[in-house]
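Worksheet for the structure shown next.
The values are calculated or read from the model by the stated rules, or taken from the named source; none is laboratory data. This structure is a prediction, so every number in the text was calculated from the model and none was measured. Glycine also receives a Cβ, built like all others from the backbone with ideal geometry; neighbour counts cover every protein chain displayed. Calculation scope for accessible area: heavy atoms of the full protein, side chains included, ligands and nucleic acids excluded. Shrake-Rupley method; radii C 1.70, N 1.55, O 1.52, S 1.80 Å.
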Amino acid sequence: MEPEQLVLLLMAALAAGWVDAVVGGGGLIQLPALMVFNPGQPVAAALATNKLASIAGTSSAAYAYLRRTKPDLDVAGPAGAIAVASAAGGAACAAVISSDVLRPVIMVVLLGVAALVVLRPDLGRVPRPVLRTRRRTAAAVLVPGVLIAFYDGLVGPGTGTFLVMAFTGLLGADFVRASANSKIINTGTNLGALIVFALQGHVLWALGLAMAACNIAGAQLGAHMAIKRGAGFVRAVLLCVVTALVLKLALDQFA
């Protein structure tokens with residue numbers, strides 16, 4: 001690999017760590033960068049190396065949120081543990097389920113997320129603890145820990161965004177606390193997928209560890225900015241990420 005290609009990959013990892021820490025969606029930057037700036041590698045190697053860099057950033061962001069905010073550990077802890085197995089199952093199924101089938105569904109869901117955030121400007125700005133019931137709490141463990149985690153292992157783009165919306169919609173969390181919760185589950189999903197990819201021998205360890213260091217730096221910066229600037233800032237980044245994800249998926253689908 002040429003030095004300039006490595007520099008571009010490290011810059012992409014830094015930016016991806018920042019986006020992931022604020023609202024998720026760093027894979028939108030990091031995975032395409034691995035495909036473009038390291039051509040000739042198998043797709044599985046790009047996916048696996050992306051997970052290695054991502055788990056470093058998400059776990060680092062989770063630690064930053066734990067120090068500065070109060071994540072809902074009663075929900076995020078069990079969901080994160082379940083997510084390891086669910087994401088591993090998704091990664092194991094990645095070879096037999098075509099992303100072409102899932103991509104239109106994901107676009108529709110993301111457009112729904114964008115419409116919800118735009119049409120309900122109060123969503124996620126302040127916590128709504130009145131929504132927290134026993135059923136909703138159980139759903140807040142199972143939806144992120146099983147469904148979204150399986151999706152992350154299977155496909156990936158938008159996982160952090162889906163996690164944030166799950167905690168906001170199900171438990172009435174504000175965007176900052178929802179982001180804190182999502183980092184815990186996202187660490188579990190990355191771990192589960194990474195284990196499968198590593199056992200299959202797809203991880204480019206030297207490149208992945210270098211990108212992991214940059215991902216951590218970006219994640220620390222993003223987490224501190226989200227905590228300092230609050231839910232309004234996270235909401236704005238969320239809309240930007242969702243728009244970019246929809247455009248990227250539409251390009252992949254119709255180009």
For V130, V43, V242, write out the residues from largest to smallest accessible area, computed with a 1.4 angstrom probe and no ligands counted.
V130, V43, V242
When 1/r is averaged over all different Cα pairs and the result inverted, which Kirkwood radius in Å belongs to the chain?
17.7
Can you list the equivalent-ellipsoid semi-axes of the range 1-138, largest first and in whole Å, using the square root of 5 times each Cα gyration tensor eigenvalue?
30, 20, 17
Angle check, please: helix 159-171 long axis (alpha carbons) against the longest principal axis of the chain (alpha carbons), in degrees 0 to 90, nearest 10.
10
To the nearest 20 debye, what charge dipole does the range 1-151 have about its Cα centre, counting +1 at the Cβ of each Lys and Arg and -1 at the Cβ of each Asp and Glu?
860
Karplus-derived HN-Hα couplings along the range 113-122 (A = 6.51, B = -1.76, C = 1.60, θ = phi - 60°), whole Hz, x at Gly and Pro
4, 4, 4, 4, 5, 6, 6, 10, x, 7
Could you work out the relative contact order of the chain, using alpha carbon pairs under 8 angstrom and six or more residues apart, expressed as a whole percent?
40
In degrees between 0 and 90, to the nearest 10, how far off the longest principal axis of the chain does helix 205-229 point, with axes built from Cα atoms?
20
As I understand it, the value is the acute angle between the Cα axis of helix 3-22 and the longest principal axis of the Cα atoms of the chain; what does it come to in degrees, rounded to 10?
10
Once the dipole of the chain is set up with Lys and Arg at +1 and Asp and Glu at -1 on Cβ about the Cα centre, which of V117, N38, A213 lies farthest towards its positive end?
V117
Quick one: which residues, 5 or more positions from G26 or on another chain, have an amide H under 5 Å from its amide H? H modelled 1.01 Å from N in the peptide plane, none for Pro or chain starts.
D20
Towards the positive end of the charge dipole of the chain, with charges on Cβ (+1 Lys, Arg; -1 Asp, Glu), say which of I185, C93, V105 has the farthest Cα.
I185
Which lysines does K51 reach when only Cα atoms under 27 Å apart count, and residues fewer than 8 places away in its own chain are ignored?
K70, K183, K248
Let's test this: bin the Cα-Cα distances of the range 177-255 at 10 Å from zero up to the farthest pair and state each bin's percent.
14, 32, 38, 15, 0
